[in-house]
Amino acid sequence: MDFVKNQIVILTVEDIGTNGEGIGRVDGFTLFIKGAVIGDRIEARIIKLKKHYGYARIEKIIEPGKDRVTPVCPVADKCGGCTIQHMSYEKQLEWKFYKVKNCLERIGGLVDIESKMEPIYGMEMPYYYRNKAQFPVGTDKNGKMITGFYAGRTHSIIENTHCYIQSEVNEQVLQIILDYCRRNHIVAYDEKTGKGILRHILTRVGFRTGEIMVCLIINANKKKMRNIEELVEELIKIDGMTSITFNINRERTNRILGDRIIPVWGQNYITDYIGNVKYQISPLSFYQVNPKQTEVLYGKALEYAGLEGNETVWDLYCGIGTISLFLAQKAKKVYGVEIVPQAIEDAKRNAEINGFDNVDFFVGKAEEVLPREYEKNGVYADVIVVDPPRKGCDASLLDTIVKMAPKRVVYVSCDPATLARDVKILGESGYRVEKVSVVDQFGHSVHVESVVKLSRE
Ligand code: SAH
């Protein structure tokens, strides 16, 4: 059947796409529909046609899917943050579990994988789970300073100070800052003109320690923040306030943070724990945003590594060394490799404050460092852990892993498709999947995290 723009079609939504949109088919032709949930029977208007697929808009929900719920957040449909809050949390978890399973079967070529999969580890409380927020600041059409989050794929701010996936203390912090700015005539930065002062408000909360960090990202020197003592005085009334800083960013760029941190009150960092490991977190450090579920995820990685105390372990794509330090609790020696030098500085400091002397870190690309260390220095591994970005591992890295022949490979992944591709390659060289777990780190979003244990046959 040939479709035309504006045509009305009736379909049932079967899946969710990478941006949270519903996916359905009419006569085998795929349509993407924003705001539609699996199971919805809808009347939709085709708004854009491509050769093999199209986009449609909901005209009428004929019958809501049984998993459709009313989002708790009043701006959920406008805000670009939560893309699937319309779907019950149970259904989100089920969808994530099957997404991993389907990738491992279809791309990874694995049969009967479900028998190796643990039940998905969902959150006990899928709200207020994030420890880090970066609120853009802008001006509404009446000239009032506002903050909130960007609408999907744009930079228009959806005004909101109560985000249901962020720490609850943010609302109070934001209100104090907005009041201070309005009183002192400090204006919001304007991306179009490059003028104005306050760009973003960054907050971080140590979930275990209760420590709070507030960082104001400004397009000016600190003197422009008049009467700053007024702001400090209000902010430090909040229980747990530990760090107040400015970050100077005068570039006309989409990058949120500049490189320079200026202390305003308290220390420049907060401290938090994942498991028994302590981390110092500055406004610029990378740190997992859902510490509770990270503990579950890395706990699984540690379990799958099967350490008894005599092992040499490589942790590739180690970031600030979160997994490395987790592993160091049980291994003889851990080596971490990471491309960002700043992250390695954090990793080293974190090793030090925890008193680990059995970890070493390398700055560089995993696919360069490991082959080099193997060819030149004949390094060895009992277990190799990888936690790559979405694009997965480089083929040359997988090649070196196979040559090094560790007993086990633990693959932590944020993209089941590239995970499945890499697991297939390792499988062809004698590594068999033994266990899989899926851990939900980002409720109400389509992100999927999983860990796979592979053993050499
Ligand atoms: N396990 C880490 C986070 C991993 S995220 C933690 O918990 O902190 C993936 C990391 O891989 C990022 O820190 C990114 O900077 C790094 N990275 C990306 N490409 C890389 C490469 N080719 N070699 C090594 N590290 C890389």
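The share of C-alpha pairs in segment 277-318 whose separation exceeds 16 Å stands at 53 percent.
Let me know the whole percent of all Cα-Cα pairs from segment 262-367 that are separated by more than 25 Å. The share of Cα pairs beyond 25 Å in segment 262-367 comes to 16 percent.
In units of the rule-of-thumb radius 2.2 N^0.38 Å, segment 1-101 shows an alpha carbon radius of gyration of 1.05. Rounded to the nearest 20, the Cβ-based charge dipole of segment 300-457 about its Cα centre (Lys and Arg +1, Asp and Glu -1) stands at 300 debye. What residue among 447, 377, 9 has its Cα farthest toward the positive end of the dipole of the chain, where the charges are +1 on Lys, Arg and -1 on Asp, Glu, each on the Cβ? Final value for the positive-end residue is 9.
The residues of the chain have, on average, 46 Å² of accessible surface per residue, using a 1.4 Å probe with all protein chains present.
Only DSSP H runs of four or more residues enter the estimate; each adds -39500 (n - 2.57), and after division by the residues of the chain the mean residue ellipticity at 222 nm equals -7500 deg cm²/dmol. Is the shape of segment 127-219 best called rounded, prolate or oblate, per the rule: a/c under 1.5 gives rounded, else a/b larger than b/c gives prolate, else oblate, with a ≥ b ≥ c the square roots of the Cα gyration tensor eigenvalues? Prolate.
Rounded to the nearest 20 debye, the dipole size of the chain about its Cα centre is 1380 debye, using +1 on the Cβ of Lys and Arg and -1 on the Cβ of Asp and Glu. Within the chain, DSSP assigns beta bridges of which about 65% are antiparallel (rounded to the nearest 5). In terms of its C-alpha gyration tensor, segment 30-180 comes out oblate, because a/c is 1.5 or above while a/b does not outweigh b/c.
Convex hull of alpha carbon positions in the chain: directionally averaged projected area 24.0 nm². Dividing the convex hull volume of the alpha-carbon atoms in segment 171-269 by its residue count gives 100 Å³ per residue.
Over segment 309-442, one equal point on each Cα, no solvent: what is log10 I(q)/I(0) by the Debye formula at q = 0.13 Å⁻¹? So the normalised log intensities are -0.52. Each principal axis of the Cα cloud of segment 364-457 was taken in turn, and the coordinate range along them, longest first, works out to 47, 30, 19 Å. Checking the Cα-Cα distances for 96/333; 132/332; 96/292 against a 23 Å cut-off, the pairs over it are 96/333; 132/332.
How much of the calculated P(r) for segment 77-130 lies past 15 Å, in percent of all Cα pairs? For segment 77-130, the share of Cα pairs beyond 15 Å comes to 58 percent.
The values are calculated or read from the model by the stated rules, or taken from the named source; none is laboratory data. Everything numeric here is computed off the predicted structure, so don't read it as measured data. Every residue, glycine as well, gets a Cβ built from its backbone with ideal geometry; the counts of neighbours run over all protein chains shown. Ligands, DNA and RNA are excluded from the accessible area calculation, which covers all protein heavy atoms including side chains. Shrake-Rupley method; radii C 1.70, N 1.55, O 1.52, S 1.80 Å.
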